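*Asks:* Below: one structure in structure tokens.
The values are calculated or read from the model by the stated rules, or taken from the named source; none is laboratory data. Keep in mind that this is a model prediction, so the values were computed, not measured. Virtual Cβ from ideal backbone geometry, glycine too; neighbours counted across all protein chains shown.
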Amino acid sequence: MSSNAYPQIEPLPDVLRETLLRCDPASLSNALLKRGFRNTFLNGLSPVSSDQPRMVGPAFTLRFIPAREDLDTMAIYARDDGLHRRAIEECTPGAVLVMGTGGEVRSSSMGDMMARRLKVRGVAGVVSDGGFRDTPGIAETGLPCFQRQASGPATPITLHPVEFNAPIGCAGVAVYPGDVIVGDATGAVVIPRHLVEEVAAEVDAAGDYETFVAAHVRRGRSLFGLFPATPESRTEYEAWVAAGRPDLNESA
């Protein structure tokens, strides 16, 4: 499928991206649950490196099906029309390349050279529900990447790319082109694009309240009447914000 089958992936506004970088995927998943979206967290996927940067970007998708011996050989990687390599070259800068493999880990869905190319092109990260090869090299690139488990065998052994920039399934979650992917050390979540602004604002504000709560808990205060928020604790929090968020530990 041509990358022109769907509209060009729109980049995120800088302010929205910065807000999402402050939001953890679990809290974003909970905010989506409040809106009726039960299946948004990419369960079973982990970052390649525990210290890789946080990842935020719209999804640029690639779908694989099982390989067939007469079609899938290493020779396809010497051609310019292979969809796997085309996705690497055409993934929108600032986007997250999301690869749906059906959970296939008997061969790799990316290696370190592809990761390096994506990093140089300005791609925000990679998610696969399969596995990567050369994971130490991928970690060295600094590109945020999430996988089910490491896998060394070459891609054509079990995987055949069939289309990109189209709806896919990844780790059991529906991912549409342009959906927003947020990932950190705890995992990754998929946010429908039309909800991302309101969800980001809600979770960012909740995170600020939790900073306030954590400071009081460190001082020995009970969670009762504090977390979850009550009208009284919310008033107390708003007064703290209005005062410029003074360091509560100083008066501990």
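*Asks:* Step by step: first the residues of region 4-44, then only those that are at pLDDT 95 or above and among the acidic types (Asp, Glu), then the one that is surrounded by the most Cβ atoms within 10 Å (Cβ to Cβ). Which residue is that?
*Replies:* Looking at residues that are at pLDDT 95 or above and among the acidic types (Asp, Glu), I get Asp24.
*Asks:* Okay, moving on. List every residue pair whose Cβ atoms sit under 8 Å apart, with the two residues 6 or more apart in sequence or on different chains, where the first one lies in region 15-36 and is not assigned by TED's automatic domain parsing to the domain that holds Gly207 and the second, anywhere, is among the basic types (Lys, Arg).
*Replies:* Within 8 Å, the pairs are Leu21/Arg54.
*Asks:* So which of Leu62, Leu97 is touching a helix residue (DSSP H, G or I) at 6+ places or on another chain (Cβ under 6 Å), in contact (Cβ under 8 Å) with a residue 12 or more places away in the chain and hydrophobic (A, V, I, L, M, F, W, C)?
*Replies:* Leu62
*Asks:* Shifting gears a bit: For region 136-188, give me the residue count where each residue is among the hydroxyl-bearing types (Ser, Thr, Tyr), out of contact with any His (no Cβ under 7 Å at 6 or more places or on another chain) and farther than 18 Å from Leu42 by Cβ.
*Replies:* 2
*Asks:* Go through region 56-84 and count every residue that is closer than 25 Å to Leu143 by Cα and touching a strand residue (DSSP E or B) at 6+ places or on another chain (Cβ under 9 Å).
*Replies:* Qualifying residue count for the region: 12.
*Asks:* Among the residues of region 235-250, is any exposed (fewer than 15 other Cβ atoms within 10 Å of the Cβ), touching an Asp or Glu at 6+ places or on another chain (Cβ under 9 Å) and outside any loop (DSSP other than H, G, I, E, B)?
*Replies:* Yes: region 235-250 contains one or more residues that are exposed (fewer than 15 other Cβ atoms within 10 Å of the Cβ), touching an Asp or Glu at 6+ places or on another chain (Cβ under 9 Å) and outside any loop (DSSP other than H, G, I, E, B).
*Asks:* Which of the numbered conditions does Ala78 fail, given that it passes all the others? Conditions: (1) on the phi < 0 side of the Ramachandran plot; (2) touching a residue at least 12 places away in the same chain (Cβ under 8 Å).
*Replies:* Here Ala78 clears every test but (2).
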